[in-house]
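Since the structure comes first, as structure tokens, the remarks are kept for the end.
The values are calculated or read from the model by the stated rules, or taken from the named source; none is laboratory data. On a predicted model such as this, the values are computed, not experimentally measured, just so you know. When we count neighbours, we look across all protein chains shown, and the Cβ atoms used for this are built from the backbone with ideal geometry, even at glycine. Surface areas here come from the heavy atoms of the whole protein model, side chains and all, with no ligands, DNA or RNA. Shrake-Rupley method; radii C 1.70, N 1.55, O 1.52, S 1.80 Å.
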Amino acid sequence: MMRKFKKWRFVALFAAMTVFLTACGEDYLSTLTPAGKVGQEQFNLLLLSTAIMTLVIIVVCAIYLISFFKFRRSVVGEHVIPKQVEGSHTLEVIWTVIPIILLLILAVPTVTATYKLGDTSGMDAVDENGEKTALTVNVTAKLYWWEFEYPDLGIVTSQELVVPTGENVYFNLIAADVKHSFWIPAVGGKMDTNVENLNKFYLHFDEESEGLKDGVFYGKCAELCGPSHALMDFKVKTLAKDDFNEWVEAMQNTDQRTVSADVEAGEKAFVDNGCIACHATDAIATTPENPYASNAVGPNLATFGDRNRVAGVLEHTEEEVVNWLQNSDEIKPGNLMPLYDDVSEQELEEIAAYLMSLSVEE
Amino acid sequence: MSSIAKKTGFGATVWDYITTVDHKKIGVMYLLAGTFFFVLGGIEALLMRIQLMRPNNDFVSAGFFNELMTMHGTTMIFLAAMPLLFGFMNAVVPLQIGARDVAFPFLNSLGFWLFFFGGVFLNLSWFLGGAPDAGWTSYASLSLYSEGHGIDFYVLGLQISGAGTLISGINFLVTIINMRAPGMTYMRMPLFTWTTFVASALILFAFPPLTIGLALMLFDRMFGANFFDHTMGGNTIIWEHLFWIFGHPEVYILVLPAFGLFSEIFATFSRKRLFGYSSMVFATILIGFLGFMVWAHHMFTVGLGATANAIFAVATMAIAVPTGMKVFNWLLTMWGGSIKVTVPMLYALGFIPSFVAGGVTGVMQAAAPLDYQLHDSYFIVAHFHYVIVGGIVLALFGSAHYYWPLMFNQMLDERLGKVTFWFFFVGFHCTFFVQHFLGLMGMPRRVATYGAEQGLDTFNLISTIGAALMAIGVLMLVINVVKTAIKNEKVGRDPWGDGRTLEWAIPQPVPFYNFRQTPLVRGLDTYWIEKQEGNEEGMTYAEPLGDIHMPNNSILPFIMTIGLFIASFGALYNMDADKPWSIFLLIGGLSILFACMFARSFKDDHGYHVHVEDILAEEERLYGKKGGNN
């Protein structure tokens, strides 16, 4: 009976914890509302470890409170000399063995999950025709923006990662300048983008981002990388497989796009002011010198109109584009883009309108 | 220099402290300097918390925030926590083991001045073009990219103060091995002495990797070497390894002495022998050993591979076992005892739940896949502040109250002390508890700001309020110190009434030679044994009253450090093409250093003897005709 009760108590603790933890945070950002298998697995480890650790805290606090209230000098008397106990072998064994057992309970799933999440062999898996079955994304982190290249699809985008749901997506990660770290809290744990070597890992996206507040998951840079480290956000759009395929096709045709008449002036200004030197406006991947790290100087703008933010952090409006072009050094200190505050306001507005027209979505 | 006559006056006092080799005075200087840097680091923390009080705040600029964040971490670890612990080690350990000074008094002084001027050098960066801004870890790709001299101040400043720490560590190792009084066997050493011993051994092995890392970084920046420049075949991950091979043991260098301090406090105010003394010693050594096996858990997301991550995950979890042993032994020390809730005991009581909370989140992070989520988030910030504030800072504050009468023959105000504790303790939990959730909710650490409507506003505000409470607590402690100093009420020997170890047996004020006769240690808690047997003297002597050999004061450590300080500016500005004069600073400074080393090496200094009649005269001066041990 007693035993049953104890078991039930443990389950209740677990359930209460889950409810409490998931009540925290926003579903597009929080690790407590995992929207993918990897994040779920990590969340389960969080629950397991929190349960074990809560147990430890309860035991310690119980002994602590009892000994404090029972053995205060005001209780035992001012002149009592307590027995000078040396120790107890039995107790020493107990509080060595029980923690070891608790740690083993945690260690086994930890090691299992470490190997499971570290297994990126699926990246190179091929079907009977020799075609890759899994989607791979090459991520290049740069001073304060992200580039996402899809090497098998021949397309590239930046600042907004677009991925299909329901399958493992593999990532090749590298940094082009200083070290950054790639983190989509709601979907799964992070991986550093080192400067000298390629890191590989995978994530699994279960939930379509459509229903979220901004329609995207939030991604963060998790390694200090300079003054604008806090502003090195990116967004993640997750689509059903069919929608994703449509998006890919649209992306592959971005070099065929024609510029509509009302933004032609903007395109001209974009070229005349040299923007085009750093920012591509089609999504076709070029072959970089380094097979993984892109050598693009500035973010690809082929899907600018579809994005959620300007420069990762500003509201997605034409006014903010102009604001960015005039004040980029104040908005994201340390970023490498030159200022365009000497260009006429009208030209900047035209550029903004042109950029907003760059879209692959309906 | 056979005279022990003292000059008085302000100038003479300053000269006395600059030249002193007395471990008690050096301890006081460590406390003063450490407190200064602690307050500095605290102000930096407050500025950061004000900036993060609300989303999209612009109280400080992003670049300045990174400087604050870097200097807060560096200052608190290297210039506040370590020196404050060294302060207590200096003030207490020689007295606990029945020694008249440390093994190398000259080096003790040198160690202090190196630490102090290293810290001053580092902090001068605020006024000389900007502080370092690549985090206290100073990861190589960012620190090489960082402009200005900030990182150079970091590298040179830490190199100097690190040398001081290494010297002090070696000094305590030798002191504890060689200078113990007769009868003070290893297994009779008080636990604070034991933890100092193990922490010193950790310093000996942990600081060289840091020194090497800093030297390589210095070469990269000064001479254009390419150890960490990957475009030239270097590798930044090596910096991470070197830093954390130092950095993780560093955590134990700090926390083990804190454990020792609490062990003393628990035993004293439970009026009971420390429960499981031998397993406490064993656990200390085991923690020290395991501390070197786990550094890569700071690097789980670097991409070392599943096998490395799994091994370091399990090794890290293993540390929880000896740490748990310690916690249970403290609890069982209280069990069956007679607990008196003085201010030091209050800090110790506050320490147990706080530190356990910090420890268990450590185990959670040891689970590598879970750490992929927690790493570099605010969860980590919460975790290590629970360990460092909940463990080390509480130990420092508690010990300040506990050892104040030993060091200054005065007692800090108990009532004010209790109010201080509650402000600090509540503020601490208020600041850092919510940060666990901020991390889980997706807030990366080291961010200068955060966007609104990401669900992070409330907890950040709570955190800032907590920081303000902590600041009030610290302020009250300072007021308490000033108040006590003005009141200047002498409290005499064993003011707590329950002192157990040798340091409490010495008459107050402690004479400069500590023990008129070397004591004979008759067991663990030797003073307790003597008291129980009704020995009014408080100790049994191992020798008759005789001449005492003491070291001479010396100005050389101070001058040597000044030389190195000047040379550092030379090295720093030598990187600028437009400052050709810097080479003269470098050579000049180093010449001063080497001249002092030459003088020290070739001019023998045998110290001096305090003769019996001098001892008797000194005792009469300190304690009057009746003598000290009554």
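Taking the condition aromatic (F, W, Y) and either open to solvent by less than 50 Å² (accessible area, probe 1.4 Å) or touching an Asp or Glu at 6+ places or on another chain (Cβ under 8 Å) (or both), does B:F36 pass?
When the stated conditions are applied, B:F36 does not pass them.
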| note | Listed by first then second residue, the pairs whose first member lies in the stretch A:195-210 and is assigned to a loop (DSSP other than H, G, I, E, B) and of a type in the set (V, I, T), whose partner is open to solvent by 20 Å² or more (accessible area, probe 1.4 Å) and modelled with pLDDT under 95, with beta carbons under 7 Å and at least 6 positions apart or on separate chains, are A:V195/B:H230
| request: Would you mind stating whether A:P164 is more than 30 Å from B:I529 (Cβ to Cβ), in contact with a helix residue (DSSP H, G or I) (Cβ under 6 Å, 6 or more places away or on another chain) and crowded, with 21+ Cβ neighbours inside 10 Å? | output: no
| said: Out of everything in the stretch B:374-388 that is open to solvent by less than 10 Å² (accessible area, probe 1.4 Å) and part of a helix (DSSP H, G or I), what residue ends up being nearest to B:F428 (Cα to Cα)? | reply: B:Y386
| said: Take the residues in the stretch B:600-623 that are in a helix (DSSP H, G or I), charged (D, E, K, R) and open to solvent by 80 Å² or more (accessible area, probe 1.4 Å); name whichever of them is nearest to B:I548 (Cα to Cα). | reply: B:E613
| Residues of the stretch A:163-182 classified as β-branched (V, I, T), within 30 Å of B:T236 (Cα to Cα) and in contact with a Ser or Thr (Cβ under 7 Å, 6 or more places away or on another chain), total | 2
| remark: Residues of the stretch A:226-244 being farther than 23 Å from A:V38 by Cα and surrounded by fewer than 17 Cβ atoms within 10 Å (Cβ to Cβ), in sequence order, are none
| query | Taking the stated definitions as given, is A:D127 under 24 Å from A:G36 (Cβ atoms), of a type in the set (D, E, K, R), in contact with a Ser or Thr (Cβ under 9 Å, 6 or more places away or on another chain) and more than 7 Å from chain B (Cβ to nearest Cβ)? | reply | yes
| request: Filter the stretch B:161-188 for residues that are over 16 Å from the mean Cα position of the chain (by Cα) and surrounded by 24 or more Cβ atoms within 10 Å (Cβ to Cβ) and give the result. | output: B:T175, B:I176, B:M184
| Can you name every residue in the stretch B:62-89 that is of a type in the set (G, A, S), modelled with pLDDT of 95 or more and within 22 Å of B:T449 (Cα to Cα)? | B:G73
| field | So A:G312, is it touching a strand residue (DSSP E or B) at 6+ places or on another chain (Cβ under 8 Å), surrounded by 15 or more Cβ atoms within 10 Å (Cβ to Cβ), closer than 30 Å to A:G188 by Cα and touching a residue at least 12 places away in the same chain (Cβ under 8 Å) | value | yes
| task | Only residues that are open to solvent by less than 10 Å² (accessible area, probe 1.4 Å) and of a type in the set (A, V, I, L, M): list them for the stretch B:143-159, please. | result | B:I151, B:V155, B:L158
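If you go through the stretch A:34-43 one residue at a time, how many are assigned to a helix (DSSP H, G or I) and either within 8 Å of another protein chain (Cβ to nearest Cβ) or hydrophobic (A, V, I, L, M, F, W, C) (or both)? Step through it out loud before you land on a result.
Filtering the stretch A:34-43 down to residues assigned to a helix (DSSP H, G or I) leaves A:37-43.
Still in the list and also either within 8 Å of another protein chain (Cβ to nearest Cβ) or hydrophobic (A, V, I, L, M, F, W, C) (or both): A:38-39, A:41-43.
Number satisfying all stated conditions: 5.
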| field | Flag if B:V321 is within 10 Å of chain A (Cβ to nearest Cβ) and either within 26 Å of A:L103 (Cβ to Cβ) or polar (S, T, N, Q) (or both) | value | yes
| field | Selection within the stretch B:300-329 - at positive phi and in contact with a helix residue (DSSP H, G or I) (Cβ under 7 Å, 6 or more places away or on another chain) | value | B:G305
| query | Mind checking which residues of the stretch A:44-80 are more than 7 Å from every other protein chain (Cβ to nearest Cβ), open to solvent by less than 40 Å² (accessible area, probe 1.4 Å) and of a type in the set (G, A, S)? | reply | A:A51, A:G77
| Are there any pairs with C-beta distances below 6 angstrom linking a residue in the stretch B:130-151 that is free of Cβ contacts under 8 Å to residues at least 60 places away in the same chain to a residue that is surrounded by fewer than 23 Cβ atoms within 10 Å (Cβ to Cβ), with the two at least 6 apart or on different chains, and if so which? | B:G148/B:G129; B:G148/B:G130
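Listed residues B:L396, B:L412; which is assigned to a helix (DSSP H, G or I) and in contact with a helix residue (DSSP H, G or I) (Cβ under 7 Å, 6 or more places away or on another chain)? Spell out how you get there, then give the answer.
Details: B:L412 fails: assigned to a helix (DSSP H, G or I).
That would be B:L396, the only listed residue that is assigned to a helix (DSSP H, G or I) and in contact with a helix residue (DSSP H, G or I) (Cβ under 7 Å, 6 or more places away or on another chain).
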| query | Tell me, which residue of the stretch A:182-212 that is open to solvent by 10 Å² or more (accessible area, probe 1.4 Å) and of a type in the set (D, E, K, R) is nearest to A:F171 (Cα to Cα)? | reply | A:K200
| task | Kindly indicate whether any position in the stretch A:216-225 is within 14 Å of chain B (Cβ to nearest Cβ), crowded, with 20+ Cβ neighbours inside 10 Å and either among the hydroxyl-bearing types (S, T, Y) or part of a helix (DSSP H, G or I) (or both). | result | yes
| message | Quick check on the stretch B:505-527. Is at least one of its residues part of a helix (DSSP H, G or I) and farther than 22 Å from B:G398 by Cβ? | response | yes
| message | Against the conditions (1) facing chain B (nearest Cβ under 7 Å); (2) within 24 Å of B:A310 (Cα to Cα); (3) modelled with pLDDT under 95; (4) open to solvent by 20 Å² or more (accessible area, probe 1.4 Å), where does A:T31 fall short? Just the number, please. | response | (4)
| field | Among the residues listed as B:G73, B:G9, the single one being out of contact with any helix residue (DSSP H, G or I) (no Cβ under 7 Å at 6 or more places or on another chain) and more than 25 Å from B:V251 (Cα to Cα) | value | B:G9
| remark: Within the stretch B:252-311, the count of residues that are assigned to a helix (DSSP H, G or I), crowded, with 24+ Cβ neighbours inside 10 Å and hydroxyl-bearing (S, T, Y) comes to 4
| remark: By residue number, the members of the stretch B:324-373 that are facing chain A (nearest Cβ under 7 Å), surrounded by fewer than 24 Cβ atoms within 10 Å (Cβ to Cβ) and not hydrophobic (A, V, I, L, M, F, W, C) are B:G336, B:S338, B:K340, B:P353
| message | Quick test for you: out of B:G398, B:G417, B:G451, B:G350, pick the one residue that is at pLDDT 95 or above and more than 26 Å from A:I57 (Cα to Cα). | response | B:G417
| query | Picking from B:Y402, B:Y386, which residue would you name as being hydroxyl-bearing (S, T, Y) and touching a Pro at 6+ places or on another chain (Cβ under 9 Å)? | reply | B:Y402
| said: Report every pair of residues separated by at least 6 positions or lying on different chains whose Cβ atoms are under 7 Å apart, first residue within the stretch B:428-450 and more than 7 Å from chain A (Cβ to nearest Cβ) and more than 20 Å from B:H72 (Cβ to Cβ), second open to solvent by 10 Å² or more (accessible area, probe 1.4 Å) and assigned to a helix (DSSP H, G or I). | reply: none
